[in-house]
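The values are calculated or read from the model by the stated rules, or taken from the named source; none is laboratory data. Computed from a predicted model, the values in this text were never measured in an experiment. Backbone-built Cβ (ideal geometry, glycine too); neighbour counts: all protein chains shown. Calculation scope for accessible area: heavy atoms of the full protein, side chains included, ligands and nucleic acids excluded. Shrake-Rupley method; radii C 1.70, N 1.55, O 1.52, S 1.80 Å.
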Amino acid sequence: MPSTTTELPLLSRNGAPPPPARIVHLGLGAFHRSHQAWFTAHAGDAGEWGIASFTGRRPDAALALAPQDGLFTLVERSAGGDSFEVVGSIAEAVDGADTARLNELLAAPATAVVTLTVTEKVYDDDSPDAPLGRLVRGLAARRDAGAGPIAVVSCDNLAGNGEVARAAVVRLSEALEPALGEWVRENVSFVGTSVDRITPRTTADDVAEVAERCGYRDASPVVAEPFASWILQGDFPAGRPAWEDAGAQFVTDLEPFENRKLWLLNGAHTLLAYAGQLRGHATVAEALGDQACRAAMEEFWDEAARHLTEPGLDIPGYRQALLERFANPRIAHYLAQIAQDGSLKLRLRAVPTLRAERADGRSGIAAARMVAAWIDWVADSVAQGAEIQDPQGDSVREAGSLSGRERVEALLRLVDADLAKDTAVVDLVDSETAYFGK
Ligand code: CS2
């Protein structure tokens, strides 16, 4: 065994070619690798489907992966231990700024699928250098080349993500050129999906562990829980990998599944992110071990579950599985990471339940408490001069420096302007502030 990790060989394909790049991905990050890249590597026809994966704002992930031929180690971390797997589906790791390569790939008839993990806020970002602006210019190149129809598959945590992607891409295409909007409508299939795999940020310890246990150097391994789910609805006019071999489910009505995941898993995450940090915890597992957080989460689940009534959703089983996944003591999933982009996440994760409960004549108090926890967390962060990452960051900081009911109303307005006009809702949220004090 070499004495230092620098003496170990770098992960490499040893001259073997990667699978042909027939999928373009935008948003090369840890989640893409633990999820879409992993599903593609486990499809029965994996040898025919490589991914050209483009980074978002920074090139770092591409710079780390390119020298190791796109290969990376997936560390599957269960309560009992780690297992290691080299994932080979990323054929090319590309700097997102390399739009020439993006256009070239999209103009190739062999390219059949575009997957997206661009984060929720990017669907509202109309700037030409944002990922969807780049995609639209790539689609124009495809049309010009006569390369035929293609599927765009959104893998972001948004309700109706396929339709949200369609609306954004059509809007941007029309702005570029009206005829392109027409082409997109006729040739691009937008596939909606619900994606799930808890993927905490990789740490230096993880990098060292891979070197030690695997006997090679990997500058960029990914850690994930054993659980993985991908539920998809829509057409693939130019074909797709046999993702069902890896456990992906193809359904005709995605909505109940995506609501189940978005409200129960992501909703609980968002609640724990704020309530947990207010109570001094750093990770999901720690927050879950605190009775005050856990009870608030279960109460929120009770509210949300009343609106998840489709047969076959097995809500009790799903809740039980979530409790086990969240409690995985070896996954350090940081609450600070989940707390980012709160105003938008609350709109997607808390507001639907709050509205549905109120429409049924109930208060929606547990959903309101999630919003209140965010408000307290924003106020604390502002008071401490801590960073707040949010698509409406300036407005959040400004509203967070107000006090009392005024602060509640101003912050609620950033989550949902209509709800903030409802004095009963403002009163309800206000009454739930300071709930998670130590
Ligand atoms: C989390 C998600 O950071 C967050 O907002 O709720 O990333 C969550 O871990 C994934 O959706 C799990 O599939």
Note to self: Residue under question is Glu324, and the condition is that it be touching a Ser or Thr at 6+ places or on another chain (Cβ under 6 Å) and charged (D, E, K, R); does it hold?
What the structure shows: no
Margin query: For the range 121-136, check the following and say yes or no: at least one residue is part of a strand (DSSP E or B) and open to solvent by less than 50 Å² (accessible area, probe 1.4 Å).
Written below: no
Next item on the list: Sort through Asp82, Asp69, Asp98, Asp125 and tell me the only one that's in the same structural domain as Val223 (by TED's automatic domain parsing) and modelled with pLDDT under 95.
Entry: Asp125
Notebook entry, point to check: What are the residues in the range 342-363 that are in a loop (DSSP other than H, G, I, E, B) and crowded, with 24+ Cβ neighbours inside 10 Å, if any?
Noted result: Ala350
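Each row is one residue, and each column tells you yes or no for (1) hydrophobic (A, V, I, L, M, F, W, C); (2) in the same structural domain as Arg143 (by TED's automatic domain parsing); (3) under 12 Å from Ile23 (Cα atoms); (4) modelled with pLDDT of 95 or more.
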residue	(1), (2), (3), (4)
Val94	yes, yes, no, yes
Leu102	yes, yes, yes, yes
Leu105	yes, yes, yes, yes
Ala112	yes, yes, yes, yes
Thr117	no, yes, no, yes
Pro131	no, yes, no, yes
Next item on the list: Output the residue which, of all residues in the range 302-350 that are more than 15 Å from the ligand (Cβ to nearest atom) and among the β-branched types (Val, Ile, Thr), is nearest to Arg260 (Cα to Cα).
Entry: Ile315
Next item on the list: Mind checking which helices (runs of 4 or more DSSP H) fall wholly inside the range 384-438 and carry at least 2 residues that are within 22 Å of Gln337 (Cα to Cα) and of a type outside the set (D, E, K, R)?
Entry: 393-400, 404-415
Notebook entry, point to check: Since Ile231 meets every condition but one in (1) assigned by TED's automatic domain parsing to the domain that holds Trp49; (2) in contact with a helix residue (DSSP H, G or I) (Cβ under 6 Å, 6 or more places away or on another chain); (3) in a helix (DSSP H, G or I), which condition does it not meet?
Noted result: (3)
Margin query: Testing Thr193 on (1) within 16 Å of the ligand (Cβ to nearest atom); (2) part of a loop (DSSP other than H, G, I, E, B); (3) open to solvent by less than 40 Å² (accessible area, probe 1.4 Å), one condition comes back false. Which one is that?
Written below: (2)
Next item on the list: Having 2 or more residues that are free of Cβ contacts under 8 Å to residues at least 60 places away in the same chain is the bar; report the helices (runs of 4 or more DSSP H) wholly within the range 240-315 that clear it.
Entry: 267-278, 284-288, 291-305
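Matching residues to (1) more than 18 Å from Trp377 (Cα to Cα); (2) open to solvent by 40 Å² or more (accessible area, probe 1.4 Å); (3) at pLDDT 95 or above:
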| residue | (1), (2), (3) |
| --- | --- |
| Leu272 | no, no, yes |
| Leu288 | no, no, yes |
| Gln291 | yes, yes, yes |
| Trp301 | yes, no, yes |
| Leu313 | yes, no, yes |
Item checked: Test result for Val382, under 21 Å from Gly437 (Cα atoms), of a type in the set (Val, Ile, Thr), open to solvent by 20 Å² or more (accessible area, probe 1.4 Å) and assigned by TED's automatic domain parsing to the domain that holds Thr283 -> yes
Margin query: Please verify whether Gly400 is at pLDDT below 95 and either buried (at least 21 other Cβ atoms within 10 Å of the Cβ) or not assigned by TED's automatic domain parsing to the domain that holds Phe300 (or both), treating the condition exactly as stated.
Written below: no
Notebook entry, point to check: Gln392: polar (S, T, N, Q) and open to solvent by 50 Å² or more (accessible area, probe 1.4 Å), yes or no?
Noted result: yes
Item checked: One residue from Ala30, Ala37, Ala41, Ala79 being small (Gly, Ala, Ser), open to solvent by 30 Å² or more (accessible area, probe 1.4 Å), within 19 Å of Ala224 (Cβ to Cβ) and within 16 Å of the ligand (Cβ to nearest atom) -> Ala30
Checklist line | Meets criteria (touching a strand residue (DSSP E or B) at 6+ places or on another chain (Cβ under 7 Å), farther than 18 Å from Cys155 by Cβ, at pLDDT 95 or above and away from the ligand (no atom under 16 Å from the Cβ)) for Arg240 | finding: no
Notebook entry, point to check: When the range 157-183 is examined, which residues are found to be under 19 Å from Gln233 (Cβ atoms) and open to solvent by less than 10 Å² (accessible area, probe 1.4 Å)?
Noted result: Asn161, Gly162, Ala165, Ala168, Val169
Margin query: Checking Glu85 against (1) under 18 Å from Pro226 (Cα atoms); (2) more than 16 Å from the ligand (Cβ to nearest atom); (3) of a type in the set (Asp, Glu); (4) touching a residue at least 60 places away in the same chain (Cβ under 8 Å), only one condition comes out false. Which one?
Written below: (4)
Notebook entry, point to check: Does Tyr435 qualify as being touching a strand residue (DSSP E or B) at 6+ places or on another chain (Cβ under 9 Å), on the phi < 0 side of the Ramachandran plot and open to solvent by 60 Å² or more (accessible area, probe 1.4 Å)?
Noted result: no
Check: Can you tell me which of Gly56, Gly44, Gly27, Gly96 is more than 25 Å from Lys121 (Cα to Cα) and of a type outside the set (D, E, K, R)?
Finding: Gly44
Next item on the list: From the list Ala91, Ala110, pick out the single residue that is in a loop (DSSP other than H, G, I, E, B) and either under 21 Å from Ala242 (Cα atoms) or in contact with an Asp or Glu (Cβ under 7 Å, 6 or more places away or on another chain) (or both).
Entry: Ala110
